[in-house]
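Engineer: Handing you this structure, nothing more for now.
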Amino acid sequence: MALQIRAALGLDPWDVFHQGLAKHIGLSFGTITMIVGAAVLLLWIPLRQRPGLGTISNVFVIGLSVDAALSLLPTLHSVPVRIVVLMAGIVLNGIAGGLYIGARFGPGPRDGLMTGFCRRTGRSVRLVRTTIEVTVLVVGMLMGGSVGVGTVAYALAIGPLVQIFLPLFTVKERRTPAQEPAAPAAAPAGEPAAVG
């Protein structure tokens, strides 16, 4: 997130919203991210979503991390450097998505909002996700959030990137002996084993 902010070529929809709020409220980007994350968790209550350790951690760790990274990263002026930084930010976001989803400790507040609306309304993930993303993008734009080529690049790249990294980082579930599938019974001597 910090790399995309420093690239100044456009943010992902939620960060356009966060940046727009930060401009009007006067709090740091990371603090706004935490406040919005906590507010989105309140929307989980009527959706009957249950947060996990990863859900709660997401609210605090991302906000604190982005503020720390922004304090270390300089303002960038060279367009080629900004493009490289933007690409690095998008790829790292894809890796981060694979890591936190693959850990199986609960979705982030925004992802859980999407899955909760899908479950409660019966609408498709595509429709619900697009509606949420477009809504926060438009509101963020109206508040002065940064929209640009980075916004489009993020929208096109994040799904395929998470799809690549998720299998690499997904923690395999351990099965207890009771959960193991039963071994097929051996065929009696002289009879062919069942096929299929």
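Engineer: P(r) for the chain, please, calculated from all Cα pair distances in 5 Å bins and given in %.
Structural biologist: Whole-percent P(r) values from 0 Å outward: 1, 7, 12, 17, 19, 15, 8, 5, 3, 3, 3, 2, 2, 1, 1, 0, 0.
Engineer: Next question. Given 0.36 nm per residue, what is the gain on full extension from L42 to S57 after removing their alpha carbon distance, in nm?
Structural biologist: 3.9 nm
Engineer: Rounded to the nearest 10 degrees, what's the angle between the helix 79-102 long axis and the longest principal axis of the chain, both from Cα atoms, 0 to 90?
Structural biologist: Between helix and principal axis, roughly 40 degrees.
Engineer: Specify the angular offset, from 0 to 90 degrees and rounded to the nearest 10, of the alpha carbon long axis of helix 149-169 from the longest principal axis of the alpha carbons in the chain.
Structural biologist: The two axes meet at around 30 degrees.
Engineer: On to the next question. Considering only protein heavy atoms and a 1.4 Å probe, what is the carbon-and-sulfur percentage of the accessible area of the chain?
Structural biologist: For the chain, the apolar C and S fraction of the accessible surface comes to 69 percent.
Engineer: Give the share of C-alpha pairs in each 10 angstrom bin for the stretch 112-174, from 0 to the last occupied bin, in whole percents, shortest bins first.
Structural biologist: Cα pair-distance distribution for the stretch 112-174, in percent: 18, 35, 36, 10, 1.
Engineer: Once ligands and nucleic acids are excluded and a 1.4 Å probe is used, how much of M1 is accessible, expressed in Å² to the nearest 10?
Structural biologist: 50 Å²
Engineer: Find the accessible area per residue for the stretch 59-144; the probe is 1.4 Å, ligands and nucleic acids are left out, and the unit is Å².
Structural biologist: Dividing the accessible area of the stretch 59-144 by its residue count gives 58 Å².
Engineer: With every protein chain present, what accessible area does Y100 have (1.4 Å probe, heavy atoms only), rounded to the nearest 10 Å²?
Structural biologist: Counting only protein heavy atoms, Y100 exposes about 70 Å² to solvent.
Engineer: At 7 Å along the Cα-to-beta-carbon direction for both A68 and L92, put a label point, then send me their distance in nm to one decimal.
Structural biologist: Each label point lies 7 Å from its Cα, and together they span 1.2 nm.
Engineer: Additional query: Ignoring everything but the protein chains, give the 1.4 Å probe accessible area of H24 in square angstrom, nearest 10.
Structural biologist: 130 Å²
Engineer: Could you calculate the FRET efficiency of T75 with R174 from 1/(1 + (r/R0)^6), where r is the beta carbon distance between them and R0 is 41 Å, rounded to 0.05?
Structural biologist: Calculated transfer efficiency: 0.30.
Engineer: OK, next. Roughly how tilted is helix 13-25, in degrees to the nearest 10 and between 0 and 90, from the longest Cα axis of the chain?
Structural biologist: Taking Cα atoms only, the helix is inclined about 40 degrees.
The values are calculated or read from the model by the stated rules, or taken from the named source; none is laboratory data. From a predicted model like this one, the values you see are computed outputs, not experimental measurements. Counting neighbours? That spans all protein chains shown, and the Cβs are built from the backbone with ideal geometry, glycine included. Accessible surface is based on the protein model in full, side chains and every heavy atom, while ligands, DNA and RNA are left aside. Shrake-Rupley method; radii C 1.70, N 1.55, O 1.52, S 1.80 Å.
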